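Chemist: One structure, pasted below without further comment.
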Amino acid sequence: KQEVTQIPAALSVPEGENLVLNCSFTDSAIYNLQWFRQDPGKGLTSLLLIQSSQREQTSGRLNASLDKSSGRSTLYIAASQPGDSATYLCAVTFMSSGSARQLTFGSGTQLTVLP
Amino acid sequence: SAVISQKPSRDICQRGTSLTIQCQVDSQVTMMFWYRQQPGQSLTLIATANQGSEATYESGFVIDKFPISRPNLTFSTLTVSNMSPEDSSIYLCSGRQGQNTEAFFGQGTRLTVV
């Protein structure tokens, strides 16, 4: 069974700090990995999509890396701001998901950036 | 990516009743999915909504409890039937064009069953 794990479950940092969120997955046969942000009680906002052939993707202060062979991805947030406070979810499309091509989600990291 | 409008955004329902959630995409999309997010948990896939045919349900979810419709490539509904307090969750619809494309989500429906 394919699983996605995120550590830590919660993280609190002072404003301005750089931080790294971790995601691991049990099967390296993937199509891609996607990072999302979720604000309390809200839907998901897509941050970055990394294809299996890529090593990293960047968007503004966000940088996501992918090491498919070791089953790991990291989301790096530079110069964190209070507005970055949210839950960050990692989701993988495994090749064994069949024709459905659905996402398998990690449990998320709840980030709090203190002013 | 495309935009999904999901409604209602929240509802409080009596046990034993049913609620239908709607998702409208602003362009045709190949794949649509319905997820559930229980309090404090991550997302769990309920089913894949298939255009013009019966949805494909994940283990633990059945059509009688969560009937799904997808009459065309831009619209889908999920009904939560005969609700109990255990159904209190956020329900989210999602779309994507293919396995190599970005998945996008509606705003979610926060359901409370009393």
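The values are calculated or read from the model by the stated rules, or taken from the named source; none is laboratory data. If you're wondering where the values come from, they're calculated on a predicted model, not measured in any experiment. Here the Cβ positions follow ideal geometry from the backbone for every residue, glycine too, while neighbour counts run over all protein chains shown.
Chemist: If I filter the range B:54-63 for residues that are under 20 Å from B:D26 (Cα atoms), assigned to a loop (DSSP other than H, G, I, E, B) and more than 10 Å from chain A (Cβ to nearest Cβ), do I get at least one hit?
Modeler: no
Chemist: List every residue pair whose Cβ atoms lie under 8 Å apart, where the two residues are 6 or more positions apart in sequence or sit on different chains, the first residue falls within the range A:46-72 and is in contact (Cβ under 8 Å) with a residue 60 or more places away in the chain, and the second residue, located anywhere, is assigned to a strand (DSSP E or B).
Modeler: Sorted first by the residue in the range A:46-72, then by its partner, the list stays empty.
Chemist: Could you list, in sequence order, the residues of the range A:10-32 that are under 16 Å from the mean Cα position of the chain (by Cα), outside any strand (DSSP E or B) and more than 21 Å from A:S96 (Cβ to Cβ)?
Modeler: Of everything in the range A:10-32, just one residue is under 16 Å from the mean Cα position of the chain (by Cα), outside any strand (DSSP E or B) and more than 21 Å from A:S96 (Cβ to Cβ), namely A:N18.
Chemist: For the range A:60-104, name all the residues that are within 13 Å of chain B (Cβ to nearest Cβ) and modelled with pLDDT under 95.
Modeler: A:T93, A:F94, A:M95, A:S96, A:S97, A:G98, A:S99, A:A100, A:R101, A:Q102, A:L103, A:T104
Chemist: Within the range A:52-73, how many residues are part of a strand (DSSP E or B), under 27 Å from B:G108 (Cα atoms) and among the small types (G, A, S)?
Modeler: The number of residues fulfilling the criteria is 3.
Chemist: Quick one: A:L49 ticks every box in (1) assigned to a loop (DSSP other than H, G, I, E, B); (2) on the phi < 0 side of the Ramachandran plot; (3) among the aliphatic types (A, V, I, L, M) except a single one, so which number is it?
Modeler: (1)
Chemist: Here is a list of conditions, (1) modelled with pLDDT of 95 or more; (2) in contact with a Pro (Cβ under 9 Å, 6 or more places away or on another chain); (3) surrounded by 13 or more Cβ atoms within 10 Å (Cβ to Cβ), and B:R15 meets all of them except one; can you say which number that is?
Modeler: It is condition (3) that B:R15 fails.
Chemist: Ok, one more. What number of residues in the range A:74-106 are surrounded by fewer than 17 Cβ atoms within 10 Å (Cβ to Cβ) and part of a loop (DSSP other than H, G, I, E, B)?
Modeler: Number satisfying all stated conditions: 3.
Chemist: Got a number for residues in the range B:92-102 being of a type in the set (G, A, S) and surrounded by fewer than 24 Cβ atoms within 10 Å (Cβ to Cβ)?
Modeler: Total satisfying the criteria: 1.
Chemist: Condition check: touching a residue at least 40 places away in the same chain (Cβ under 8 Å) and within 13 Å of chain A (Cβ to nearest Cβ). Does B:L78 satisfy that?
Modeler: Taking the combined requirement at face value, the residue does not satisfy it.
Chemist: If B:G40 satisfies all but one of (1) small (G, A, S); (2) more than 10 Å from chain A (Cβ to nearest Cβ); (3) surrounded by fewer than 17 Cβ atoms within 10 Å (Cβ to Cβ), what's the number of the condition it fails?
Modeler: Evaluating B:G40 over (1) small (G, A, S); (2) more than 10 Å from chain A (Cβ to nearest Cβ); (3) surrounded by fewer than 17 Cβ atoms within 10 Å (Cβ to Cβ) leaves (2) as the failure.
Chemist: Among the residues of the range A:33-56, is any over 15 Å from the mean Cα position of the chain (by Cα), more than 11 Å from chain B (Cβ to nearest Cβ), among the small types (G, A, S) and surrounded by fewer than 17 Cβ atoms within 10 Å (Cβ to Cβ)?
Modeler: no
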